[in-house]
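*Asks:* First the structure, which I've put down as structure tokens, then a few questions once you've had a look.
The values are calculated or read from the model by the stated rules, or taken from the named source; none is laboratory data. Note that the structure is a prediction, hence the values are computed from the model and not measured. Here the Cβ is made from the backbone with ideal geometry for all residues, glycine too, and neighbour counts use every protein chain on show. These accessible areas exclude ligands, DNA and RNA; they are computed on the full protein's heavy atoms, side chains included. Shrake-Rupley method; radii C 1.70, N 1.55, O 1.52, S 1.80 Å.
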Amino acid sequence: MATIEAEKYPSEAGEITYIRVTNSRGRSVLLSSLGAGIVGVQVPDKSGKIENICLAYADAKDYLHDAPTMGKTAGRYANRICEGKLRVDGQDYQLAVNCGPHHLHGGPEGFQNKIWDVELLSNGVRFSYLSPDGDENYPAELKVAVEYRWSDDNELSISFEAVADAPTVVNLTNHAYWNLDGADSGNALHHEVKMKASRWLPTDSTLAPTGEYAEVKDTPMDFTEFKAVGQELEEDFPALKYGKGYDNCWVLDGGQADGKEEMIRDAVVMRSPESGRELHIDTDQPGVQLYSGNWLAGSPLNRSGRSYQDYEGIAIEAQGFPDAPNHPEFPSQSVDPANPYRRTIIYRFLPL
């Protein structure tokens, strides 16, 4: 039986609710109504030491409009839409340009800067938000829910649902940053990652997808076997120069790009040789954006009383492909009243 505790904090956007869910083993997750986000995951290392491994700020108010989108649900469309140009049901829409020449994570406000409604569950939380027609200039009213459940086996499942009253586009993900040696322990580039992804999506220098699928073999984008995130970070490879590290989307093998819609177990596994902790990710999303925390410097103060520096956390965002509305060759992110959006991400933490 899980134990659930709630605390409230004031902010300029309204009252923020933190919910701690503790399982029967004494491992816990801390969730926030601001951005339907994760602000803590307390799990043991190989010696049994329990500590938080999800990067977090000390002050709940600092999550408002933070550049890293720390731990929150990004939307209405996570990742980039090229030049903010969107066409839905034969009509053109101009979205805000808020990241270089592109629209990022739903715009300047986005779902990540909204305070969501809270419904406590027996072992988790259901956050809900009503996005009105015209929100950030997206068409259609959208009823959105993000449900977190925390199990006795240290599995944090995230179920995303969005129901539209007219055609629109949706792409939701969680934007947590992980450091498996402890959230405030320093550089995370020694973490090793393995992905079930033999292809990735090349971009131009502004990180907009070109529409191509490229093989990872014989490139620094190859994570088909375990490799330290920092091992090839300094290679003379265009994608790594464009983003000052990894900030790219990989195509999951056996996913929607291959004509299937099913859960992929161990789509991504990240481990730390130092702490012995492992993060296993299962998902039915078509892709995974791996972001090596290239621009974390200058973020709000963490619980150690300092700002994070670049590369202190690794974000692994299971999601639809960036700019998919402008690339018919990509899996569709379109929704309408007859076709709601439903996707799942499961984080599994080892050792138990």
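*Asks:* Filter the stretch 227-243 for residues that are part of a loop (DSSP other than H, G, I, E, B) and open to solvent by 70 Å² or more (accessible area, probe 1.4 Å) and give the result.
*Replies:* Q231, E234, E235, D236
*Asks:* Additional query: Tell me which residues, restricted to the stretch 330-351, are more than 30 Å from N52 (Cα to Cα), open to solvent by 30 Å² or more (accessible area, probe 1.4 Å), touching a strand residue (DSSP E or B) at 6+ places or on another chain (Cβ under 7 Å) and in a loop (DSSP other than H, G, I, E, B).
*Replies:* P337, P340
*Asks:* Hey, could you check the stretch 15-46 for residues that are over 24 Å from the mean Cα position of the chain (by Cα) and touching a residue at least 60 places away in the same chain (Cβ under 8 Å) and say which is least open to solvent (accessible area, probe 1.4 Å)?
*Replies:* Top of the filtered list is S24.
*Asks:* List pairs: first residue in the stretch 215-231 and free of Cβ contacts under 8 Å to residues at least 12 places away in the same chain, second residue of a type in the set (A, V, I, L, M) and open to solvent by less than 10 Å² (accessible area, probe 1.4 Å) anywhere in the structure, Cβ distance under 7 angstrom, at least six positions apart or on different chains.
*Replies:* Close Cβ pairs (under 7 Å, with a partner that is of a type in the set (A, V, I, L, M) and open to solvent by less than 10 Å² (accessible area, probe 1.4 Å)) amount to D222/V216.
*Asks:* Could you list all residues from the stretch 102-130 that are over 19 Å from L156 (Cα atoms), part of a loop (DSSP other than H, G, I, E, B) and open to solvent by 60 Å² or more (accessible area, probe 1.4 Å)?
*Replies:* Once the filter is applied, which keeps residues that are over 19 Å from L156 (Cα atoms), part of a loop (DSSP other than H, G, I, E, B) and open to solvent by 60 Å² or more (accessible area, probe 1.4 Å), the stretch 102-130 yields P108, E109.
*Asks:* Now, a different point. Using the structure shown, decide if G75 is over 30 Å from E7 (Cβ atoms) and in contact with a Leu (Cβ under 6 Å, 6 or more places away or on another chain).
*Replies:* Against the criterion (over 30 Å from E7 (Cβ atoms) and in contact with a Leu (Cβ under 6 Å, 6 or more places away or on another chain)), G75 does not qualify.
*Asks:* Here's a follow-up. Scan the stretch 161-177 residue by residue and report those that are within 16 Å of the chain's Cα centre (by Cα) and crowded, with 23+ Cβ neighbours inside 10 Å.
*Replies:* Listed by number, the residues that qualify are V170, N171, L172, T173, N174, H175, A176, Y177.
*Asks:* Hey, another quick one. Would you mind telling me which numbered condition in (1) surrounded by fewer than 23 Cβ atoms within 10 Å (Cβ to Cβ); (2) out of contact with any Cys (no Cβ under 7 Å at 6 or more places or on another chain); (3) over 30 Å from P44 (Cβ atoms) N326 fails?
*Replies:* Going through the list (1) surrounded by fewer than 23 Cβ atoms within 10 Å (Cβ to Cβ); (2) out of contact with any Cys (no Cβ under 7 Å at 6 or more places or on another chain); (3) over 30 Å from P44 (Cβ atoms), N326 breaks only (2).
*Asks:* Being of a type in the set (A, V, I, L, M), more than 23 Å from P286 (Cα to Cα) and crowded, with 24+ Cβ neighbours inside 10 Å: is that true of L64 here?
*Replies:* The answer is no for L64.
*Asks:* Among the residues of the stretch 183-226, how many are in a loop (DSSP other than H, G, I, E, B) and among the charged types (D, E, K, R)?
*Replies:* Within the stretch 183-226, residues that are in a loop (DSSP other than H, G, I, E, B) and among the charged types (D, E, K, R) number 8.
*Asks:* Answer yes or no as to whether N52 is out of contact with any Asp or Glu (no Cβ under 7 Å at 6 or more places or on another chain), in contact (Cβ under 8 Å) with a residue 24 or more places away in the chain and open to solvent by 10 Å² or more (accessible area, probe 1.4 Å).
*Replies:* yes
*Asks:* Another one. So which residues in the stretch 1-55 are in contact with a helix residue (DSSP H, G or I) (Cβ under 8 Å, 6 or more places away or on another chain), over 22 Å from W178 (Cβ atoms) and among the hydrophobic types (A, V, I, L, M, F, W, C), if there are any at all?
*Replies:* A13, I16, listed by residue number.
*Asks:* Give the residues of the stretch 278-314 that are charged (D, E, K, R) and touching a strand residue (DSSP E or B) at 6+ places or on another chain (Cβ under 7 Å), sorted by residue number.
*Replies:* Within the stretch 278-314, E278, D282, D284 meet the criteria.
*Asks:* Could you tell me whether any residue of the stretch 55-66 is in a strand (DSSP E or B), in contact (Cβ under 8 Å) with a residue 12 or more places away in the chain and over 21 Å from T22 (Cα atoms)?
*Replies:* Taking every residue of the stretch 55-66 in turn, none turns out to be in a strand (DSSP E or B), in contact (Cβ under 8 Å) with a residue 12 or more places away in the chain and over 21 Å from T22 (Cα atoms).
*Asks:* Now for a separate question. For the condition open to solvent by less than 10 Å² (accessible area, probe 1.4 Å), out of contact with any Lys or Arg (no Cβ under 9 Å at 6 or more places or on another chain), modelled with pLDDT of 95 or more and charged (D, E, K, R), what is the one hit in R80, R87, R76?
*Replies:* Being open to solvent by less than 10 Å² (accessible area, probe 1.4 Å), out of contact with any Lys or Arg (no Cβ under 9 Å at 6 or more places or on another chain), modelled with pLDDT of 95 or more and charged (D, E, K, R) holds for just one of R80, R87, R76, which is R76.
*Asks:* Shifting gears a bit: Go through the stretch 297-323 and report how many residues are open to solvent by less than 50 Å² (accessible area, probe 1.4 Å) and closer than 29 Å to N154 by Cα.
*Replies:* 17
*Asks:* Related question: Enumerate the pairs (first residue in the stretch 97-114 and without any contact (Cβ under 8 Å) to a residue 12 or more places away in the chain; second residue anywhere and outside any loop (DSSP other than H, G, I, E, B) and open to solvent by 20 Å² or more (accessible area, probe 1.4 Å)) with beta-carbon separation below 8 Å, excluding pairs fewer than 6 apart on the same chain, so at least 6 apart or on different chains.
*Replies:* These pairs meet every condition: N98/L104.
*Asks:* Moving to a separate point now. Just need a number here: residues in the stretch 32-47 that are over 19 Å from Y347 (Cα atoms) and assigned to a loop (DSSP other than H, G, I, E, B).
*Replies:* Qualifying residue count, the stretch 32-47: 2.
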